[in-house]
Amino acid sequence: MGILRKLFRAAPTPTADGAFSPSPLAIKLGTSSTTDYDGGVYAKPNAGTKNRVLMVCTEERNMTMANGKKFSTGNHPVEMGLPMLHLMNAGFEIDVVTPTGAPVAIEEWAMPVDDADIEKLFRDFEGAFQNPGSLADFAQNNIADDTQYAAVFIPGGHGAMLGLPDNADLGKVLHWAHNTGLHTLALCHGPAALLAAKSDAGFLYDGYKITVFPDAVDKQTPMIGYLPGPMPWWVCEKLTALGVETINKKADNSVYVDRRLVTGASPQAANDFGRLAATTLLKRTEANS
């Protein structure tokens, strides 16, 4: 097995801090140097006061797998970037937060290095990613019924499974968004963070339908060295146990809206998810203007 992995370049790549990033084979199969960004043109961008989106990112880098090996993860740059571009072109401003205000962890190995739009976005937001706001401070000081916010956005990357699903501040923010008519946007592994909305009263999204990165694919990816071992837990399994129905079977470009929850299945869905999120928010803000 080791010889075959070496031959096909399917062994995960060690990182300087003792973790592993995906193998050369997995990088070739699972990432791209460009994206399918459609340009993000909107005929009538938002001009109302509800013009902000709170983007909740992970600040944690390494995920300990079931075999004890660590996966170097964070937020996926395409799953962050394409929705951000769509939302901004549709007239919304992005406020970046992490649980404590520590820098955003980004899967640099997934960066589409030949995509000028994404490259510019990450240059423009470098300061915000290095010095984001604090979700804890937001949950304590900024939640109010009379708000400038239109949505909460949780981008994907396996990093969305780190420090967010059990975060009480995020649970408070998700309930605030739900109770005040905001939309919640979650892509790929982002829906894992929705688990923060579980309380003694039940789960906020019980009975919802979503698109999300399938457990079946996460179970296959160690074979090509994308992950250095089996997942510590399974996103769909946990959500299903709480009454959520996953409607996609593949890691494809599926997107879906159920009430005020917008979801997408994988990096392949990032552009369609961004456009769906932006058009959904525009309809909402137009109706309220």
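Things worth noting here:
- Residue within segment 260-268 that is under 17 Å from V53 (Cα atoms), open to solvent by 20 Å² or more (accessible area, probe 1.4 Å) and not in a helix (DSSP H, G or I) present: yes
- Among the candidates K209, K250, residue that is under 19 Å from T31 (Cα atoms) and either of a type outside the set (S, T, Y) or surrounded by fewer than 22 Cβ atoms within 10 Å (Cβ to Cβ) (or both): K250
- Selection over segment 41-75 of residues that are more than 22 Å from T13 (Cβ to Cβ) and surrounded by fewer than 19 Cβ atoms within 10 Å (Cβ to Cβ) gives a count of 10.
- Residues in segment 212-249 that are over 14 Å from M65 (Cα atoms) and not in a helix (DSSP H, G or I): V212, F213, P214, L242, G243, V244, E245, T246, I247, N248, K249.
- E286 within 22 Å of R52 (Cβ to Cβ) and either open to solvent by 20 Å² or more (accessible area, probe 1.4 Å) or not β-branched (V, I, T) (or both): yes
- Once segment 131-177 is narrowed to residues that are touching a Pro at 6+ places or on another chain (Cβ under 9 Å) and in a helix (DSSP H, G or I), the residue that is surrounded by the most Cβ atoms within 10 Å (Cβ to Cβ) is A160.
- Restricting attention to segment 103-130 and to residues that are outside any helix (DSSP H, G or I) and in contact with a strand residue (DSSP E or B) (Cβ under 9 Å, 6 or more places away or on another chain), the residue that is most open to solvent (accessible area, probe 1.4 Å) turns out to be F125.
The values are calculated or read from the model by the stated rules, or taken from the named source; none is laboratory data. Model, not experiment: these values are computed from the prediction. We place every Cβ from the backbone using ideal geometry, glycine too, and count neighbours over all the protein chains shown. Surface accessibility is based on the protein's heavy atoms, side chains included, excluding ligands, DNA and RNA. Shrake-Rupley method; radii C 1.70, N 1.55, O 1.52, S 1.80 Å.
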